[in-house]
């Protein structure tokens, strides 16, 4: 038997192992979403904070006390509250309670999630997927910034809720990448799960956000956000905001490093209507990167 034949057999074994681990990952994700969702330890901080942030009876002092036990989140919330986006007049705040009052609950929730998502990129094993995760993170920030800026022009949509939705619209992809780190074959061949993530991240993301208890309006806005369709004009709801924001940020074509459709009337129409927001969006992204990274 020649060396070439040995090589072919080895490749077949590798191919079978990769396929098996991809299927195993999907199966394990399905089981986990039906029970207790597991993220790295620092993600638990946001899950703990979620109860305080969602409790209408919780006082500002109580929320501050809940956040104060997480030093990283506390420090970055103070920085965000004093940033140009939230402090255009230059009036500095130096305590956490004042920072939360200035930001508002939705912005605090967004910031807390963004901080742990940034930390998620540094989780053990994520180095194998570093290019994809960093492009996904940049895309998430761009979408969040675009969602906030678009929502500010609309009468019935909270800009901070829109920013939160934009930030987590691809959380399913982050979660799939984190789960992929737990399989040896996938860590060794990181490009082999790219197509799997493209196909499944939306549906897994919806299930994940439901499991984490996110508001129904936000969860519904995640559905089919990567599917090209007729550009909404006017924008009517949060789902429209997320669709436009995501596409302005390049859609999944951007972070999966795929070519966008060469001749897309839908994309051309979207850019014609909303492309003028790009400079403002890019300025907002730079501000967010400085606060969250």
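For this structure, a couple of remarks:
- Subset of the stretch 90-141 (residues that are at pLDDT 85 or above and under 10 Å from the mean Cα position of the chain (by Cα)): 136, 137, 138, 139, 140, 141
- Residue 177 vs. criteria part of a helix (DSSP H, G or I), within 17 Å of the chain's Cα centre (by Cα) and at pLDDT below 90: yes
- Criterion violated by residue 262 - all others in (1) touching a helix residue (DSSP H, G or I) at 6+ places or on another chain (Cβ under 8 Å); (2) at pLDDT below 90; (3) farther than 30 Å from residue 31 by Cα; (4) assigned to a loop (DSSP other than H, G, I, E, B) satisfied: (1)
- For the stretch 214-223, filtering for residues that are surrounded by fewer than 19 Cβ atoms within 10 Å (Cβ to Cβ), in a loop (DSSP other than H, G, I, E, B) and touching a helix residue (DSSP H, G or I) at 6+ places or on another chain (Cβ under 7 Å) leaves 1.
- Looking across the stretch 52-67, the residues that are under 24 Å from the mean Cα position of the chain (by Cα) and part of a helix (DSSP H, G or I) come down to 52, 53, 54, 63, 66, 67.
- Wholly within the stretch 80-169, helices (runs of 4 or more DSSP H) carrying at least 2 residues that are buried (at least 16 other Cβ atoms within 10 Å of the Cβ) and at positive phi: none
- Flag if residue 44 is more than 22 Å from the chain's Cα centre (by Cα), assigned to a helix (DSSP H, G or I) and at pLDDT below 65: no
- Which numbered condition residue 193 fails, given (1) under 14 Å from the mean Cα position of the chain (by Cα); (2) modelled with pLDDT under 85: (1)
- Annotation: residue 30 fulfils all but one of (1) surrounded by 14 or more Cβ atoms within 10 Å (Cβ to Cβ); (2) within 22 Å of the chain's Cα centre (by Cα); (3) modelled with pLDDT of 75 or more; the unmet one is (1).
- A single member of 190, 159 is closer than 16 Å to residue 19 by Cβ and in contact with a helix residue (DSSP H, G or I) (Cβ under 7 Å, 6 or more places away or on another chain), and it is 190.
The values are calculated or read from the model by the stated rules, or taken from the named source; none is laboratory data. Predicted, not measured: the structure shown is a model, and the values here were computed from it. Every residue, glycine as well, gets a Cβ built from its backbone with ideal geometry; the counts of neighbours run over all protein chains shown.
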